[in-house]
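J.: This is the structure I have questions about; it appears just below.
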């Protein structure tokens, strides 16, 4: 059926919506594709729903091509399976929780690992039943702290989530590779630039994991890549632990460094008052900065209200701790700032002068455990059992010498050697990554860019199957735990990304494969004969399977308004029936290139079909 | 793509699920169409999803045929619009309510009148924009007190809801009629028996309203019909008020009737001790039974916690109050039993002997207001302003004489005449309706039957548009309130109803138009050549657009098991490739009739296509 602008539920807007920042988001609202219903929650208007369905169809076709079977789980789910896997608490405030009229606790599903796992457990019993890949395309819910950018990060959104079930790692690898190939096909069909990066596994558990990021300067994710093909989400970058070195310095010595609570003031004072013997100037990179944060762990059996843990992170003074990298490392715990009240309850911490000593792993020179034991711990704290966990950046080699806090206001210690004078509880991948850093791949240096996570493929392994007891009999009649993969595509988000990637200053420019229509027929003028001819062309096109939107608005709607709307809406081909009709010609315009050409009316249908690549 | 049983995510069950009562529900679970995820919440397995999509397509096609435009509102909605129309409270416990991380109150949409109304308000301004019909097909949520019968009454379910917007009643009537016609087409295509009945408008407000009920002995709704074509949901039956009569009895007189708290004991004692002068025996129909219930009204501005109101209903002693009819009349208030504690706080009520006197509207004979005022009202109650509301059944004519309670234990009053000796506050349509009752249409008598509500069409009028301020300019440039209609089809429920209506003792028997597949090809035997031939036939059929499920299970799955599964699954045509193949024949079986016939292999594709009505 030809869609007619005269009755289409659509009002284009000349002004940008107040709450939109990204150009694609603004245009999706202005052109009448989506409407905000609540923060992070959108209505899909008729035009938008058409694009969404095309995106869904592409995803469905590629999932079915790798043998995926579609089903549909509910969005409203019981709590118990999510409790069994800890996600009920691990998801924290991101989970929409509901209490029903019978006081049963329920949730709106963020993803469905648990439900798929239980369904397979219920129905399958043998290795012969596997492999299996099942998927759904359905509303997901996450109570995002910062919903943003329209449909790019919503609180209700459509996701294709699929899950693979295999008897062993080889099977899982095969399912994973099949999904990887399918995702490449899907994102190629969407027609935006993307990159496949190593991913952090986050709260999902499991091991191998890659993300498909749409490359976009407005993306929320940062990724790195080098010349060798290595690419990783910044959260997943693994900086190798630096090889040990020989510091070649004398014993550590504490020096007065008054009023040096910052790295900058410290370096200035070191160069002024404590120049190095070899004449090299001190830089921030010579200092060890010990950053304190507060982890908020989710509830567990021992801590029904959750619990808070201070954490100290040692990084070279010329680097910051990267909040997202840190969050990824400590998830499901959340990271909060270490506040004045926290310092108050840890009087051993001299703010601005914190060193490994007070963190409990220094040498006698800077820490005397006996002495501190005599002093005793602050009220209500055990000590030293409750000593603050101290993790070092991997770039700090064994044997390297540092200037760092001496745990007294106005004092630093110089030539403190890692391994000789202090140790830590381990390493943490939390320091910022910079453009030009050596690549962890060992080849060249890193470049940084931004992207939007569009897909995620994930070897979950046995985490969920173990928690929920999904086992099958193997060839020898022994029960073995099934190994799972989980794979997601952001379907509503894809519409947002395609819009961000396909527009110009006057409107959207849809790639053909997801455009709401194939051709936008514009009646440019008032003559009855124009309407008749346009109607006729639209009907002929529809009869050939071409999807047509016809701007048949009469009355006061000028050709100028119609052209503006056509450019805003962004159907790839525009067919103008205007004053040329008197000479037997109509105009075909390419929305993307702006090219126009006149064709005889009688050739218009064939010309449009050639334009859109229709065959037969 | 041919669906293969060897890899299909399906396990048929030989046993009925413990929680299923209706045969269709049992079979949908046993045949692997749906799975229960939580009470009233179902997963659609691959087979079920295929049927569901076909049902959706039928509904979508008919909605588009009447000019309906599809869009998709979110399921998770803000509270405010629902507060503006009072549905936030009127829906009571049926609404799933959520508090998000920012303490905003939200809900899962039960229907979307408010959201559609606001969208139109935002986008449209003039009568020229109307008429408009927009619809969606999407998950709805209702926290039913008694979810039942699988997908027949779920708490998460798919509904097609459409809304019409018009400038006047004539437009609304046209949209209503168009929907009525579309629904007739939809339900005809579903292929179950249904009836269109007058409906009660319930909590929705508005006026004209009809329901499409699938006729089913297991339905939750009761409806009536007569020979003239009149049909109504029992909740919507309007019994005409009986014409006044002349009782021709003397003054009312109170008599001792000890130990007669029930109608039965009363009638016995009347006949024994107080025979009528004319010799006619007393029957229950001569008595006036005054039934007390407690209404629980939802919160409003004056009563933020809601409020409770006692209500007395006077019905002839041979009828009960019908709970559903009463609930429909008093909605959004809910009905609770009048309990001992309620009697305790109303000491004026003599349980078993309650009459119109104490209800405040009797003559001096049975009630002395002055006397009661001296006694004073119970603590905390105003009196007589807080007198209990008393409503009479319409079958009780003015002028009729009754035996009823005298408001003292062991006493009744005889010859109490309605209008002469007592009055009520009004009428209520709450008495039970019985088979054989005279029809309110004036023609013949009523028959009763049961059904499942499958569709509801509703002239909402201006209720929502007024509450939310949806006005447009009319032809004269004056703002007028838009008039709305709302129209629903239970989509997931339709699958359940079709299953209830289409099965036999061994399995489901799908109507072709919603069957998950067109043909079920069964390999009945172990020979490799059977598999090759079946594969080939399946591929040929698929190439012709026929949807095929192929039972290619090898190993220990016997032909008997395969036949059982095919009958359970219920695809209308079964093609058996078995031992006849050696003689060049295969068997075509009609699932519904059980008829079988052999056809040469070479003719099988054509024969199957003829069977399923394929053309070209």
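Only the coordinates and a few stated rules stand behind these numbers; no lab work does. Everything numeric in this text was worked out from a predicted model, so none of it was measured. Heads up, the Cβs are rebuilt from the backbone with ideal geometry, glycines too, and the neighbour counts pull from every protein chain shown.
J.: Take the alpha carbon gyration tensor of the stretch A:291-363, find the square roots of its eigenvalues, order them as a ≥ b ≥ c, and report rounded if a/c is under 1.5; if not, report prolate when a/b exceeds b/c, else oblate.
T.: Here the stretch A:291-363 falls in the oblate category.
J.: Counting only C-alpha contacts under 8 Å and six or more residues apart, can you give the relative contact order of the stretch B:54-111 as a whole percent?
T.: Details: 40 pairs, mean separation 17.9, N = 58.
This gives 31 percent for the stretch B:54-111.
J.: Which shape class applies to the stretch A:197-273: rounded if a/c is under 1.5, otherwise prolate when a/b exceeds b/c and oblate if not, where a ≥ b ≥ c are the square roots of the Cα gyration tensor eigenvalues?
T.: Working: a/c = 2.96, a/b = 2.16, b/c = 1.37.
The shape class here is prolate.
J.: How do B:115, B:454 line up, fewest other C-beta atoms within 10 Å first?
T.: Details: B:115 22, B:454 26.
With the fewest neighbours first, B:115, B:454 line up as B:115, B:454.
J.: Before anything else, pin down the relative contact order of chain A: Cα pairs under 8 Å, at least 6 apart, normalised by residue count, whole percent. Numbers along the way, then the final one.
T.: Details: 1279 pairs, mean separation 113.6, N = 616.
This gives 18 percent for chain A.
J.: Going by alpha carbons, how many degrees (0 to 90, nearest 10) lie between the helix axis of B:263-273 and the longest principal axis of chain B?
T.: Long axis of B:263-273 versus the principal axis of chain B: about 40 degrees.
J.: 7 Å from Cα along Cα→Cβ at both residue B:61 and residue A:188: what's the point-to-point distance in nm?
T.: A separation of 3.5 nm, rounded to one decimal place.
J.: Between chains A and B there is a rotation axis; tell me the chain A residue with the nearest beta carbon and how many whole Å away it sits.
T.: A:98, 3
J.: I'd like the FRET efficiency for residue A:445 and residue A:614, computed as 1/(1 + (r/R0)^6) with the beta carbon distance as r and R0 of 60 Å, rounded to 0.05. Show your work: numbers first, answer last.
T.: Working: r = 48 Å, r/R0 = 0.80.
So, using R0 = 60 Å, E works out to roughly 0.80.
J.: Sort B:25, B:297 so the one with the fewest other Cβ atoms within 10 Å of its own Cβ comes first.
T.: On the way: B:25 24, B:297 16.
By the 10 Å Cβ count, ascending, the order reads B:297, B:25.
J.: Can you give the angle from 0 to 90° between the axis of helix B:169-190 and the longest principal axis of chain B, with both taken from C-alpha atoms, to the nearest 10?
T.: 50 degrees
J.: Restricting things to alpha carbons, tell me how big the stretch B:48-110 is in terms of Rg and Dmax, in Å.
T.: 16.1, 43
J.: A further question follows. Taking the 0 to 90 degree range and rounding to the nearest ten, how far is the long axis of helix A:46-65 tilted relative to the main principal axis of chain A, both from C-alpha atoms?
T.: 70 degrees
J.: Place the label 7 angstrom along Cα→C-beta at residue B:610 and in each other copy, then list the distances from the first to the rest in nm, shortest first.
T.: 4.6
J.: If you wrap a convex hull around the C-alpha atoms of the stretch B:517-611 and split its volume per residue, what is the figure in Å³?
T.: On the way: hull volume 7.7 nm³, N = 95.
It is 81 Å³ per residue.
J.: Calculate the translational D of the protein assembly as shown in whole µm² s⁻¹ from Stokes-Einstein, where the hydrodynamic radius comes from the Kirkwood formula applied to all Cα pairs, the temperature is 4 °C and the viscosity 1.567 mPa s.
T.: So the translational diffusion coefficient is about 36 µm²/s.
J.: If you don't mind, there's one more thing I want to ask. Can you sort B:209, B:395 by how many other beta carbons sit within 10 Å, fewest first? Present the calculation step by step, with values, prior to reporting the outcome.
T.: Numbers: B:209 22, B:395 18.
In order of increasing Cβ crowding within 10 Å: B:395, B:209.
J.: What gaps in nm, shortest first, separate residue A:215 from its twins in the other copies when you place the label 7 Å past Cα toward the beta carbon?
T.: Reported distances to equivalent positions: 6.7 nm.
J.: Could you compute the FRET efficiency for residue A:19 and residue A:593, with r as their C-beta to C-beta distance and R0 at 51 Å, rounded to 0.05?
T.: 0.95
J.: Remind me, relative contact order of the stretch B:512-600 in percent, using alpha carbon pairs under 8 angstrom and six or more residues apart? Could you put the intermediate results ahead of the total?
T.: Details: 143 pairs, mean separation 29.1, N = 89.
Relative contact order here is 33 percent.
J.: For n ≥ 4 DSSP H runs only, could you compute -39500 (n - 2.57) per run for chain A, divide by its residues and tell me the 222 nm figure to the nearest 500?
T.: Details: 15 runs with 156 residues, N = 616.
Counting only the DSSP helices, I get -7500 deg cm²/dmol.
J.: Which distances, in nm and shortest first, link the residue A:57 label point to the same label point in every other copy, taking 7 Å along Cα→Cβ?
T.: 1.3
J.: Just the Kirkwood number for chain A, please: inverse of mean 1/r across all distinct Cα pairs, in Å, one decimal. Before the final figure, lay out each step's value.
T.: Working: mean 1/r = 0.0353 Å⁻¹.
That comes to 28.4 Å for chain A.
J.: Shifting gears a bit: Taking square-rooted eigenvalues a ≥ b ≥ c of the alpha carbon gyration tensor, is the stretch A:489-564 rounded, prolate or oblate, where a/c under 1.5 means rounded and, failing that, a/b exceeding b/c means prolate?
T.: Details: a/c = 3.60, a/b = 1.66, b/c = 2.17.
Cα axes put the stretch A:489-564 in the oblate bin.
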